[in-house]
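Written below as structure tokens is the structure these notes are about.
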Amino acid sequence: MAFFPARLSTSKPPKAAAAFNALKRDIMLGTLAAGTGLTELELAAHFQCSQGTVREALLQLQEEGLVLRKGHRGTQVSECTADEAVEMFRLRTQIECSGLPRTMRSPARSLISDLNAMLEDMLAAADSDDELQLAAIDRDFHRRILESANLPALDPILHRCLVHNHRFKISRSSTGRDLRATALRHRSIIDAIESGDVAQATTTMRHHIATIVDFGPEVFPDANQ
């Protein structure tokens, strides 16, 4: 039987996007723990919307790997394991570092200005102590770089890796992180891309990903630590 903790977000708008955002926030923060059952009827009552609206939100969450829909057995919040995190970090590195040369071969005119604007938004989120908003902009930052590589079929794969990476990082953070320092880690990526040096940009991106979590040096022993 599904059970919703008292800390579940209290906003109850009728739209699928709002239900999706509220549930995603609670899953990313661990308010809804792995294995928690989610029923359309209970969620519809909670958000004061139709079951069809809830179903749409759950399908979006499934696309991001945050829930598992098991037919007649219902929907559960997915696990967030170290084993999956390792493989997604590896996959993410492959996608981003392979895409960078393509991005830098013919970069979009707005790429650097877009990345700088996102960095400013990340710093604003850090100053507001909003880690989830910072992480959302972080995902947009990395997806914007891949966008210029003209590999659109890889974008949803990268997005799913990024969501899992951030969920894993947040779930393993026992103490508060320096969010401003987290945001500023992206400055070196912008500088490397702007320099036009593909090798340096690739090394910088690999180092960025390898140093996100403590086990990075074990997973990426060849990264320039």
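Worth pointing out:
- Val67 long-range amide H proximity, modeled H, under 5 Å: Gln62, Ser78
- Per-residue ellipticity at 222 nm, computed for the chain from helices alone with -39500 (n - 2.57) per DSSP H run of at least four residues, works out to -20000 deg cm²/dmol.
- Relative to the longest principal axis of the Cα atoms of the chain, the long axis of helix 82-105 lies at roughly 50 degrees.
- Once the Cα-Cα distance is subtracted from the 0.36 nm per residue extended length, the Ala17 to Arg102 segment shows a gain of 27.3 nm.
- When each of the peptides 131-137, 103-109 is scored by the mean number of other C-beta atoms lying within 10 Å of its residues, the order from highest to lowest reads 131-137, 103-109.
- The C-alpha atoms of the chain define a longest principal axis, and helix 111-127 lies at about 50 degrees to it.
- Chain lengthening between Asn150 and Arg69 when straightened (0.36 nm per residue, less Cα-Cα): 26.0 nm
- Ordering of 92-99, 72-79, 162-169 by packing [mean C-beta count within 10 Å, highest first]: 162-169, 92-99, 72-79
- Using the Cβ-Cβ distance between Asp178 and Arg90 with R0 set to 30 Å, the FRET efficiency works out to roughly 0.70.
- Carbon plus sulfur fraction of accessible area for the chain, probe 1.4 Å, in percent: 50 percent
- Under Karplus coefficients 6.51, -1.76 and 1.60, residue-wise ³J(HN,Hα) of the range 41-55 in Hz, glycine/proline x: 5, 5, 5, 4, 5, 5, 8, 6, 9, 7, 5, x, 5, 5, 4
- Gyration tensor verdict on the range 111-219 (Cα atoms; rounded if a/c is under 1.5, prolate if a/b is larger than b/c, oblate otherwise): rounded
- Rounded to the nearest 10 degrees, the inclination of helix 198-210 to the longest alpha-carbon principal axis of the chain is 40 degrees.
- Taking amide H as placed 1.01 Å from N in the peptide plane, the amide H of Thr75 sits under 5 Å from that of Leu38, Lys70, each at least 5 places away or on another chain.
- Computed over the chain, Cα set: Rg, Dmax in Å: 18.5, 56
The values are calculated or read from the model by the stated rules, or taken from the named source; none is laboratory data. Small disclaimer: the values here were computed from a predicted structure and weren't measured. Backbone-built Cβ (ideal geometry, glycine too); neighbour counts: all protein chains shown. Just the protein is used for accessible areas: all its heavy atoms, side chains included, with ligands, DNA and RNA removed. Shrake-Rupley method; radii C 1.70, N 1.55, O 1.52, S 1.80 Å.
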